[in-house]
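Trainee: Dropping a structure here in C-alpha cells format, bear with me for questions.
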Amino acid sequence: AGEGGDRLLKSLADTVGGTGAGVLLDARMRDAFAAGVRERAELPGVQAPVVPGAAGEHTVSAGFLAVPADLLASGDPYGLLLEECFGPVTVVARYADEAEIGAVLGRLSGNLTATVHLGADEADGKAGQGAELLAALVPLAGRVLVDGWPTGVSVTEAQHHGGPYPATTSTSTSVGATAVERWLRPVVYQSAPAALLPPELRDDNPLGLPRRVDGRPER
C-alpha cells in the first residue's frame, strides 16, 4: 500500500498494457477465462488497472487486478481471487503490514510453484523476511523459486513441480526426469534382432545416450 505500491501498479500497467493478445488452448478456455475475470473484477474493492479478458475472436488480452490484502484474507467472496483462472491474469494484493502478508499466505491452497523476489540485503539474510517467506511457501508448493520465473522446464533430475496433497500421492510429476513415469507407455522388445531395434535400445548405443543396462548407469 502507499506510494511504493502505486509506482508498482503504474509500472505493471505500462508494461502489461503494451503486450499483444494471445490464443488460449481452445474456445471453451477462452470463454471461461473471460467469464472468470469478469466475476472477479466485479467484487467490491477490486480494481482492474489493465482489464484482462477477451480480445479478438480467438484471443485474450493480459491484465491484472488489485485488491487490499485484508479483503483477500477475509474469506468469501474474495476466496474466488485465490482460485485458478486459467489465462494471463495476475492478482496484486496491496498490504499495509507484514501481518497482512501472513494472513494472505495462510489462505493459499497448494500450488505447482511459488516465487520470491529478494533484494541484496534480504538474500544475505541481513534484512527483510526472505527466510520466513521461503519457509511459509515450502508447504504450499513443490517448486520454490528465488529471483526467477516459472514455469520453464527441462528433463533433468532436479526439475519438477507439484504441490502438497494430492501431488504427494505420486513420486512423479508432469515435468522433469520422473515425468517419464507419468507420460510413457512402456513397450518391451523381446529377442528382437539388433538391426531392427530403435537406436536407443541397441547394445552399441549409437546415440551415446545415458541409460541403465541391467540396473547399472552407463553412457
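Trainee: Can you give me the relative contact order of the chain as a percent, contacts being Cα pairs under 8 Å and 6 or more apart? Present the calculation step by step, with values, prior to reporting the outcome.
Mentor: Details: 303 pairs, mean separation 24.9, N = 219.
Once normalised by length, the contact order is 11 percent.
Trainee: Please list, in chain and number order, the residues 5+ apart from T90 or on another chain whose amide H is under 5 Å from its amide H, with Hs placed from the backbone.
Mentor: G63, F64, L65
Trainee: Would you tally the net charge around D76, using a Cβ to Cβ cut-off of less than 15 Å, leaving D76 out, and scoring K and R as +1, D and E as -1? Display every interim value, and only then the final one.
Mentor: Working: positive: R40, R107; negative: E39, E42, D70, E83.
That sum, taken over residues with Cβ under 15 Å, equals -2.
Trainee: Give me the 1.4 Å probe accessible area per residue for the chain, excluding ligands and nucleic acids, in Å². Mind showing how you got there, number by number?
Mentor: Details: 14340 Å² over 219 residues.
Using a 1.4 Å probe on heavy atoms only, each residue of the chain averages 65 Å².
Trainee: Still on this model: Could you tell me the ratio Rg/Rh of the stretch 1-49? Both radii from Cα atoms, Rh via Kirkwood. Kindly include the intermediate steps, with their values, before the conclusion.
Mentor: Numbers: Rg = 13.9 Å, Rh = 13.0 Å.
Taking Rg over the Kirkwood Rh, I get 1.07.
Trainee: Using per-residue counts of other Cβ atoms within 10 Å, averaged over each peptide, order 15-21, 35-41 from highest down. Don't skip to the answer; put the middle values down first.
Mentor: Working: 15-21: 12.1, 35-41: 17.1.
Peptide ranking by packing, descending: 35-41, 15-21.
Trainee: Hey, another quick one. Report the one residue of A195, S174, P44 whose Cα lies farthest in the direction of the positive end of the charge dipole of the chain (charges on C-beta: Lys and Arg +1, Asp and Glu -1; origin at the Cα centre).
Mentor: Farthest towards the positive end: A195.
Trainee: Something else: With a 1.4 Å probe and all protein chains left in place, how much of the accessible area of the stretch 94-164 comes from carbon and sulfur atoms, in whole percent?
Mentor: 56 percent
Trainee: Test of understanding: given the chain, find the longest segment containing no chymotrypsin sites (Phe, Trp or Tyr not before Pro) that are in a DSSP loop and have at most 15 other Cβ atoms within 10 Å. Please list the in-between numbers first.
Mentor: Values: sites that count: F86, Y189.
After excluding every exposed loop site, the longest remaining stretch is 87-188.
Trainee: Full-extension gain between E3 and D214, please, as 0.36 nm times their residue separation minus the C-alpha to C-alpha distance. Numbers along the way, then the final one.
Mentor: Numbers: separation 211, 0.36 × 211 = 75.96 nm, distance 6.37 nm.
Length gained, E3 through D214: 69.6 nm.
Trainee: Could you work out how far the C-alpha centroid of the stretch 71-118 sits from that of the stretch 196-219, in angstrom?
Mentor: Rounded to whole Å, the Cα centres lie 47 Å apart.
The values are calculated or read from the model by the stated rules, or taken from the named source; none is laboratory data. Fair warning: this is a prediction, and the values are worked out from it, not measured in the lab. Quick reminder, even Gly has a Cβ in these numbers, built from the backbone with ideal geometry, and neighbours come from all protein chains shown. Note: areas computed on protein heavy atoms with side chains; ligands, DNA, RNA excluded. Shrake-Rupley method; radii C 1.70, N 1.55, O 1.52, S 1.80 Å.
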